[in-house]
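Read the structure below first, then the notes.
The values are calculated or read from the model by the stated rules, or taken from the named source; none is laboratory data. These figures come from a predicted structure and were not determined experimentally. For neighbour counting, all protein chains shown are included, and Cβ atoms are generated from backbone atoms with ideal geometry for every residue, glycine included.
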Amino acid sequence: MAFNNRQKYYDAIAQSAINADSGVFIDFMLNEIYITLEEHRTVTSNVGTNEIKALEMIKLNRYINSKEIAENLNISLRQTERIMALLKTKGLITRVGSNKPEYWQTNIP
């Protein structure tokens, strides 16, 4: 999180040192944490439990297929295909490649 805003991070540290007050740095870090939590909340608030589990499986193994996801979630293949279509529609995953070896790419942090 602070890695993406390194210069602002260093500026906050420097300003805190100049002011002899850690308030600037604390405000910066709390804001970074808040932004990160909001990004995560936005993704998961619009996604169901099985969708989140499917996303986690894809993160662990991008070559996983719908049949394996269905078996792991103990749901039907058709239901898994609906979940995958919904995740694609929401822009959370993308299928990369054609034929074998194609894989899933997650589009979330």
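Annotation note: Cβ proximity below 9 Å between a residue of the stretch 23-42 that is under 10 Å from Ile13 (Cα atoms) and not assigned by TED's automatic domain parsing to the domain that holds Arg6 and a residue that is modelled with pLDDT under 85 and surrounded by 13 or more Cβ atoms within 10 Å (Cβ to Cβ) (sequence gap 6+ or interchain) occurs for no pair.
Whether any residue in the stretch 83-99 is modelled with pLDDT of 90 or more and of a type in the set (Gly, Ala, Ser) is what I want to check. Within the stretch 83-99 (the criterion being modelled with pLDDT of 90 or more and of a type in the set (Gly, Ala, Ser)), the answer is yes, since at least one residue qualifies.
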